[in-house]
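Asks: I'd like to ask you about the structure that follows.
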Amino acid sequence: MLFQFNLYSCLPLIFFFHIVVYSLLFFIRGFKQEQYADKLMGSFLFIAALLIVPFMVGFAGWYDNQPYRDILFFVPLVHSLAIGPLLYFYVKAIFNRELKITGWQWLHFAPAALYLLVNTVFSLLDLFYFKTYHLTNEHEDPDFATWYTYLSIASILIYLFLSIKHYQQYKRFAAITTSFADQVNLKWLLNFLYAFALLSVMPIINSILSNFTFFERLRYFGPWYYYVAFAVVVYYIAIHAYQLSSLSLNKVMFEPQLLQAIDEEISEQNHKQSNGLADEKLNHIKKELATLMETQLLFERPDLTLTEVAKKLNTNSVVLSKVVNQHFGLNFNDYINQYRVSAVIKRIELPQYKNQTLLAIAFDSGFNSKATFNRAFKKFTNKNPKDFL
């Protein structure tokens with residue numbers, strides 16, 4: 001098989017191999033552990049690997065030699081219309097283990113399926129009926145037709161916008177309903193989404209710049225730089241996503257409906273005049289909540305959630321969230337961290353904690369990481385933890 005080894009073909013080859021391996025690993029883990037998000041990530045990585053192929057083998061001599069040129073023209077390798085939906089549903093599935101693509105949701109993949117079907121039919125007709133280029137353009141690889149490129153960019157940007165919006169809602173939800181929001185905020189995922197959005201507009205920028213004489217080299221090599229950058233960004237999410245533990249995320253179970261209910265309840269309360277009976281009920285829950293924290297030391301549990309506390313108080317998450325927000329001016333995550341910070345300050349002075357490190361005391365008080373402890377301590381005391389030693 002023809003493959004001319006050089007910098008422009010070998011560097012994409014390295015990333016292609018690693019991305020394919022990660023794709024297989026995600027599929028294996030997804031089926032073994034029944035993690036739908038892993039199956040979606042495996043699919044995304046496989047399609048991402050296919051996107052690298054044309055430029056990888058193109059710089060290895062395929063476009064200049066037969067029958068390799070025909071293979072690239074007749075085999076649809078670029079399925080970029082599927083990238084946006086896969087990323088969007090991955091973001092939703094990673095925050096809610098119960099999510100599955102069902103029913104009308106499969107229509108999100110209709111454009112990608114239609115492109116694959118039409119290209120396959122055209123290729124088969126040209127190969128076996130016309131026996132020449134007839135429906136397929138012999139001067140341009142269909143995968144890189146201008147209309148398809150721009151349609152793919154538009155699709156990816158739309159779904160990235162929806163993904164980022166969903167992430168921001170999840171981040172608020174985690175702060176409202178968990179005491180370990182920093183642990184499950186998945187900042188690397190947001191970084192990837194922004195980087196991928198910036199990367200997605202690069203072909204447009206390359207197309208504009210290549211019209212100027214100074215940037216004429218970009219017309220040929222610009223796409224190569226783009227696909228190398230694309231491979232790096234995809235490799236970045238593959239590494240982080242595979243290292244992700246779903247144990248903490250499974251306790252979050254993001255429900256947009258619950259976030260909406262909490263927002264509506266708080267907003268309604270802020271606009272309504274005080275109701276004596278309702279206020280009395282909320283004050284009662286407030287006192288029980290404080291008693292629960294001080295007697296049972298629930299804040300020491302690093303995986304404590306709003307739902308678990310609500311059950312102990314015989315109420316629901318919406319009502320308890322309103323109590324915390326209205327009476328303390330905090331979300332649940334900050335409310336619990338405030339207790340943890342106070343516990344650390346008190347325990348520093350106690351003899352039984354004299355031989356423990358500050359970080360060990362923080363972990364005993366419910367914090368799950370040094371970074372979270374430092375941020376919370378600074379937020380509630382305006383001082384660094386070491387200032388108290």
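The values are calculated or read from the model by the stated rules, or taken from the named source; none is laboratory data. Every value quoted in this text rests on a predicted model; they were computed, and no experiment measured them. Glycine gets a Cβ as well: all are built from the backbone with ideal geometry, and neighbour counts include every protein chain shown. Each accessible area value is taken on the protein alone, full model and side chains, heavy atoms only, with ligands, DNA and RNA left out. Shrake-Rupley method; radii C 1.70, N 1.55, O 1.52, S 1.80 Å.
Asks: Out of the residues in the range 17-49 meeting the condition of being of a type in the set (Lys, Arg) and in contact with a helix residue (DSSP H, G or I) (Cβ under 8 Å, 6 or more places away or on another chain), tell me which one is least open to solvent (accessible area, probe 1.4 Å).
Replies: First pass over the range 17-49, keeping only residues of a type in the set (Lys, Arg): 29, 32, 39.
Checking which are in contact with a helix residue (DSSP H, G or I) (Cβ under 8 Å, 6 or more places away or on another chain) leaves us with 29, 39.
Details: Arg29: 38, Lys39: 56 Å².
By that ranking, first place goes to Arg29.
Asks: Let me ask something else. Would you say Arg172 is at pLDDT below 90, assigned to a helix (DSSP H, G or I) and open to solvent by 40 Å² or more (accessible area, probe 1.4 Å)?
Replies: It is false that Arg172 is at pLDDT below 90, assigned to a helix (DSSP H, G or I) and open to solvent by 40 Å² or more (accessible area, probe 1.4 Å).
For every residue, the table says whether it meets (1) open to solvent by 20 Å² or more (accessible area, probe 1.4 Å); (2) among the hydroxyl-bearing types (Ser, Thr, Tyr); (3) farther than 15 Å from Ala82 by Cβ.
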{"site": "Asp126", "(1), (2), (3)": "no, no, yes"}
{"site": "Glu140", "(1), (2), (3)": "yes, no, yes"}
{"site": "Asp143", "(1), (2), (3)": "no, no, no"}
{"site": "Ile153", "(1), (2), (3)": "no, no, no"}
{"site": "Leu160", "(1), (2), (3)": "no, no, no"}
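Asks: So which residues in the range 50-94 are open to solvent by less than 20 Å² (accessible area, probe 1.4 Å), among the aromatic types (Phe, Trp, Tyr) and closer than 17 Å to Leu40 by Cα, if there are any at all?
Replies: Within the range 50-94, Phe89, Tyr90 qualify.
Asks: Taking the range 343-362, which residues are free of Cβ contacts under 8 Å to residues at least 12 places away in the same chain and closer than 26 Å to Glu288 by Cα? Explain how you work it out, then say what you get.
Replies: Narrowing the range 343-362 to residues free of Cβ contacts under 8 Å to residues at least 12 places away in the same chain: 346, 349-357, 360.
Scanning the range 343-362 gives a single hit, Lys346.
Asks: Just wondering, is there one or more residues in the range 56-65 that are aromatic (Phe, Trp, Tyr) and either assigned to a loop (DSSP other than H, G, I, E, B) or under 16 Å from Ala238 (Cβ atoms) (or both)?
Replies: Checking the range 56-65: at least one residue is aromatic (Phe, Trp, Tyr) and either assigned to a loop (DSSP other than H, G, I, E, B) or under 16 Å from Ala238 (Cβ atoms) (or both).
Asks: Next question. Would you mind telling me which numbered condition in (1) touching a residue at least 24 places away in the same chain (Cβ under 8 Å); (2) within 31 Å of the chain's Cα centre (by Cα) Asp126 fails?
Replies: (2)
Asks: Among the candidates Ile14, Ile71, single out the residue that is closer than 20 Å to Tyr148 by Cα and part of a helix (DSSP H, G or I).
Replies: Ile71
Asks: Within the range 24-61, take every residue that is among the basic types (Lys, Arg) and under 19 Å from the mean Cα position of the chain (by Cα) and give me the one that is farthest from Ser80 (Cα to Cα).
Replies: Arg29
Asks: Quick check on the range 263-282. Is at least one of its residues closer than 30 Å to Ala362 by Cα, at pLDDT 80 or above and either aliphatic (A, V, I, L, M) or within 35 Å of the chain's Cα centre (by Cα) (or both)?
Replies: Looking for residues that are closer than 30 Å to Ala362 by Cα, at pLDDT 80 or above and either aliphatic (A, V, I, L, M) or within 35 Å of the chain's Cα centre (by Cα) (or both), one finds none in the range 263-282, hence no.
Asks: Mind checking which helices (runs of 4 or more DSSP H) fall wholly inside the range 293-368 and carry at least 2 residues that are open to solvent by 50 Å² or more (accessible area, probe 1.4 Å) and within 16 Å of Lys251 (Cβ to Cβ)?
Replies: 306-312
Asks: Quick one: Arg97 ticks every box in (1) in contact (Cβ under 8 Å) with a residue 40 or more places away in the chain; (2) in a helix (DSSP H, G or I); (3) open to solvent by 60 Å² or more (accessible area, probe 1.4 Å); (4) basic (Lys, Arg) except a single one, so which number is it?
Replies: The one condition Arg97 does not meet is (2).
Asks: Still on this structure, I have one more. With the checklist (1) open to solvent by less than 80 Å² (accessible area, probe 1.4 Å); (2) assigned to a helix (DSSP H, G or I); (3) modelled with pLDDT of 65 or more in hand, flag the one item Tyr194 doesn't pass.
Replies: With (1) open to solvent by less than 80 Å² (accessible area, probe 1.4 Å); (2) assigned to a helix (DSSP H, G or I); (3) modelled with pLDDT of 65 or more applied to Tyr194, the lone miss is (1).
Asks: While we're here: Considering only the range 150-160, I want to know if a residue exists there that is out of contact with any Leu (no Cβ under 8 Å at 6 or more places or on another chain), modelled with pLDDT of 95 or more and within 28 Å of Ile262 (Cβ to Cβ).
Replies: Yes, the range 150-160 has at least one match.
Asks: So if I check each of Tyr133, Tyr167, which one is among the hydroxyl-bearing types (Ser, Thr, Tyr) and farther than 30 Å from Asn337 by Cβ?
Replies: Testing whether each residue is among the hydroxyl-bearing types (Ser, Thr, Tyr) and farther than 30 Å from Asn337 by Cβ leaves just Tyr133.
Asks: Right, another one. Taking Leu107 as the residue in question, decide whether it is farther than 30 Å from Asn250 by Cα and open to solvent by 30 Å² or more (accessible area, probe 1.4 Å).
Replies: no
Asks: Right, something else. Can Lys386 be described as in contact (Cβ under 8 Å) with a residue 12 or more places away in the chain, open to solvent by 50 Å² or more (accessible area, probe 1.4 Å) and either touching a Phe, Trp or Tyr at 6+ places or on another chain (Cβ under 9 Å) or among the aromatic types (Phe, Trp, Tyr) (or both)?
Replies: Numbers: in contact (Cβ under 8 Å) with a residue 12 or more places away in the chain: yes; open to solvent by 50 Å² or more (accessible area, probe 1.4 Å): yes; either touching a Phe, Trp or Tyr at 6+ places or on another chain (Cβ under 9 Å) or among the aromatic types (Phe, Trp, Tyr) (or both): no.
No.
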